[in-house]
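The values are calculated or read from the model by the stated rules, or taken from the named source; none is laboratory data. Just so it is clear, the structure is predicted and the values come from calculations on it, not from any experiment. With ideal geometry, Cβ positions are generated from the backbone for all residues, glycine too; neighbour counts draw on all protein chains shown. These accessible areas exclude ligands, DNA and RNA; they are computed on the full protein's heavy atoms, side chains included. Shrake-Rupley method; radii C 1.70, N 1.55, O 1.52, S 1.80 Å.
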Amino acid sequence: MTTTSAVPAASARRSQSGPPLLLPAVAFAALMVVSIVLARQTPLPTDSAADTLAYYKDHATAAKVAGTLQFGASLPLAVWAAVVYERLRRLGVVAPGPGIALVSGVLAAASMALCGLTVWAASRAGDLGDAPLARSLADLTFASGGPGHVVPFAVMLAGVAVPMLLLGFGPKGFAWAGLVLAGIGVLGTLALLSTSLGFFLPIARFGGLIWLIAASVILPKQRPRRTASYESEAEPA
């Protein structure tokens, strides 16, 4: 009787572990990259209102699809943040790292969703012939999809990289790379002050995508034995 009841309990624990991290990571990366390719000519904050309106008149369909994909990309990112939070907690991380990763991941996903919806709305500005409206929507697109997304995305990477570094959940070099990317991403805030400092954003965005996918593979599902043994020896008798 005891053995029979233990089997469903073990199955229940396995079923609550959530989807593999790689699944939402790849979905997020794919949707993000395709949307960026479609919107590669999006007006910069330095472009005039007339040029911005002309862009949305000529590229309305591409902008609409890009906005839809960006909105869609926000969903797997939010799922990844939730799953990595649960993964780190199951690995025994009680420091703030998992919570930081979850909160910042949700913020990054929300900013990406806002960016996608704004791009979708801007795709209709050409039909209205309202240049100031098109310029305002383009500015909101840059703010939400640039620093608004990349900065919390970078903080999410740090929330995962720190436990990986301190508890040995992967190569130290890989964890340090995540922290460096996180630092670069946070510097992307400066793009709000000057667009000349916007070069931090693509480094953190694309470097972070690669790191995110790799972390989804490297992060263990079970606590490494050497880490558990180390903490047991460190505990006072």
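Observations, loosely collected:
- Most mobile of A158, A49, A122 in a GNM of the chain (Cα contacts under 10 Å): A49
- Potential extension, R90-L128 segment - 0.36 nm per residue separation minus Cα distance: 8.4 nm
- With every protein chain in place and a 1.4 angstrom probe, the accessible-area ranking of H59, H149, largest first, reads H59, H149.
- Magnitude of the charge dipole, segment 98-237, Cβ model with Lys/Arg +1 and Asp/Glu -1, debye to 20: 340
- Between 0 and 90 degrees, the angle of helix 97-122 with respect to the longest Cα principal axis of the chain falls at about 20 degrees.
- Helix-only CD estimate at 222 nm, as mean residue ellipticity for the chain, using -39500 (n - 2.57) per DSSP H run (n ≥ 4): -26000 deg cm²/dmol
- Dipole magnitude for the chain: computed about the Cα centre from +1 point charges on Lys and Arg Cβ and -1 point charges on Asp and Glu Cβ, it is near 820 debye.
- Residue among A50, A182, A143 with the largest mean-square fluctuation in a Gaussian network model of the chain, springs linking Cα atoms under 10 Å: A50
- Inter-centroid distance (Cα atoms) of segment 205-219 relative to segment 138-182, Å: 9
- Scoring 194-201, 61-68 by mean Cβ neighbours within 10 Å over their residues and listing the highest first yields 61-68, 194-201.
- Within the accessible area of the chain (1.4 Å probe), percent carbon and sulfur: 68
- Here the contact order of segment 68-115, divided by its residue count and restricted to Cα pairs under 8 Å and six or more residues apart, works out to 60 percent.
- With all protein chains kept in place, the per residue accessible area of segment 102-204 amounts to 41 square angstrom at a probe of 1.4 angstrom.
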